[in-house]
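Trainee: Submitted below is the structure of interest, expressed as C-alpha cells.
Any read-out appearing in this document is the output of simple, stated calculations on the displayed coordinates, not a laboratory observation. Just so it is clear, the model here is predicted, and its values are computed rather than measured. Ideal geometry is used to build each Cβ from the backbone, glycine not excepted, and the neighbour counts take in all protein chains shown.
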Amino acid sequence: MDYGFDIRALIDKALVAQKAAYVPYSGFRVGAALLTEDDKTYTGCNIENAAYSPTNCAERTAFFKAVSEGERAFKAIAVTGGEKNDKGVYCSPCGVCRQVMLEFCNPDTFLVILANSTDDYKVFKLAELIPYAFRKTNLNTSK
C-alpha cells in the first residue's frame with residue numbers, strides 16, 4: 001500500500017534510534033521515528049531513570065524533540081521495541097504516549113507503524129489505538 005512516504009525507511013530510523021536507548025534497569029529498548037507533514041524525521045529512544053517515574057518513552061522523546069523545534073504537524077510514527085520480538089508481536093505505544101500523539105495529530109489520518117523489522121510491521125490509524133479518547137474538545141474552556 002502507498003502511504004505517500006517510505007515506511008521501510010522510517011522503520012529503519014526507528015531501529016537505529018532503538019540502539020541508543022538508555023535502559024540499565026529493564027533492558028527493554030524502544031526506538032521511534034516521527035515523520036512531520038513536511039517530511040522531516042525526528043527520532044527518539046526510551047530513557048530510563050532509577051526512580052522509574054521520570055523515565056521517558058521513545059515516542060514522547062521524538063515528539064518532544066520535534067515540538068521543541070517548532071513542529072506541529074505530523075504524518076506518522078514508526079515504533080520498534082524489545083530485545084527479541086516474535087513475528088506478529090509488536091511494541092505498542094503506552095497510553096501516555098497515545099495521549100501525547102492525540103494532542104498534536106489528527107487521529108483519523110495519523111499513522112502508527114508498529115514494527116519488528118522493515119518486513120514485519122502493522123499500520124494503524126491513531127484513532128484505532130485510542131478509541132473514546134480525551135480530547136481538547138472535552139475541556140470546558142472558552143478557547
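Trainee: Quick one: Debye curve from the C-alpha atoms of region 23-143, no solvent, what's log10 I(q)/I(0) at q = 0.12, 0.18 Å⁻¹?
Mentor: Each listed q corresponds, in turn, to -0.45, -0.97.
Trainee: Take a quick pass over the chain and tell me how many lysine pairs come in under 13 angstrom between Cα atoms, counting only ones 8 or more apart or on separate chains. Intermediate values should be presented prior to the final figure.
Mentor: Values: K13/K40; K40/K65; K40/K75; K75/K125; K87/K122.
So the count works out to 5.
Trainee: Using the beta-carbon distance between N138 and S117 and R0 = 41 Å, what value does 1/(1 + (r/R0)^6) give for FRET efficiency, to the nearest 0.05?
Mentor: 0.60
Trainee: Moving on to the next point. Counting other beta carbons within 10 Å of each residue's own, what order do M1, M101 fall into, fewest first?
Mentor: On the way: M1 4, M101 23.
Fewest-to-most Cβ neighbours within 10 Å comes out as M1, M101.
Trainee: Normalise the Cα radius of gyration of region 1-64 by 2.2 N^0.38 Å (N = residues in it) and let me know the number.
Mentor: On the way: Rg = 12.9 Å, N = 64, 2.2 N^0.38 = 10.7 Å.
Rg over 2.2 N^0.38 Å, computed on Cα atoms: 1.21.
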